[in-house]
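K.L.:
Got a structure here, written out as structure tokens. Questions coming.
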Amino acid sequence: RRAAERRDEAYRSSLPRDEHAQLVADDYAAARARAMAAKDKGDRDAQKEAGMAMRELKAEANKLGMSAEELEVGPLKLAELAAAAEAAEEEREEEELNP
């Protein structure tokens with residue numbers, strides 16, 4: 001298990017920042033879902049394990065300089081949303097100039 005963790009860590013650290021951060025965000029979302037499912041079932045052990053995973057992922061996110069929003073959504077998705085919002089704003093401005 002430790003060898004697999006080391007391989008995973010080496011792989012993640014070799015990725016560009018946004019891809020690494022997206023993996024962290026995806027893993028965080030999965031851990032959060034596990035925690036909620038465990039809470040619904042009343043499984044304290046699974047809830048504790050998911051909480052520990054979330055803490056580790058938050059620490060990794062801090063090392064990457066991720067914002068809370070990036071951790072919740074993921075930097076790649078956040079960039080897509082920002083680009084879509086910018087395109088919509090440009091379209092509105094264009095419509096105002098050329099009614």
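K.L.:
Taking only the range 28-45 into account, find how many residues are touching a helix residue (DSSP H, G or I) at 6+ places or on another chain (Cβ under 9 Å) and farther than 25 Å from Val73 by Cβ.
P.N.:
So the count comes out to 4.
K.L.:
Of everything in the range 4-60 that's farther than 14 Å from Glu70 by Cα and among the polar types (S, T, N, Q), which residue is farthest from the chain's Cα centre (by Cα)?
P.N.:
Top of the filtered list is Gln47.
K.L.:
When the range 73-84 is examined, which residues are found to be closer than 10 Å to Gln22 by Cα and among the charged types (D, E, K, R)?
P.N.:
Lys77
K.L.:
Give the residue that is nearest to His20 (Cα to Cα), with candidates limited to residues of the range 53-63 that are buried (at least 16 other Cβ atoms within 10 Å of the Cβ) and aliphatic (A, V, I, L, M).
P.N.:
Here the answer is Ala61.
K.L.:
Same structure, new question: Looking at the range 29-98, what helices (runs of 4 or more DSSP H) fall wholly within it and have at least 1 residues that are at pLDDT 90 or above and among the basic types (Lys, Arg)?
P.N.:
Here the list reads 44-64.
The values are calculated or read from the model by the stated rules, or taken from the named source; none is laboratory data. Since this is a predicted model, take the numbers as computed values, not measurements. As a convention, Cβ positions derive from the backbone with ideal geometry for all residues, glycine included, and neighbour counts pool all protein chains shown.
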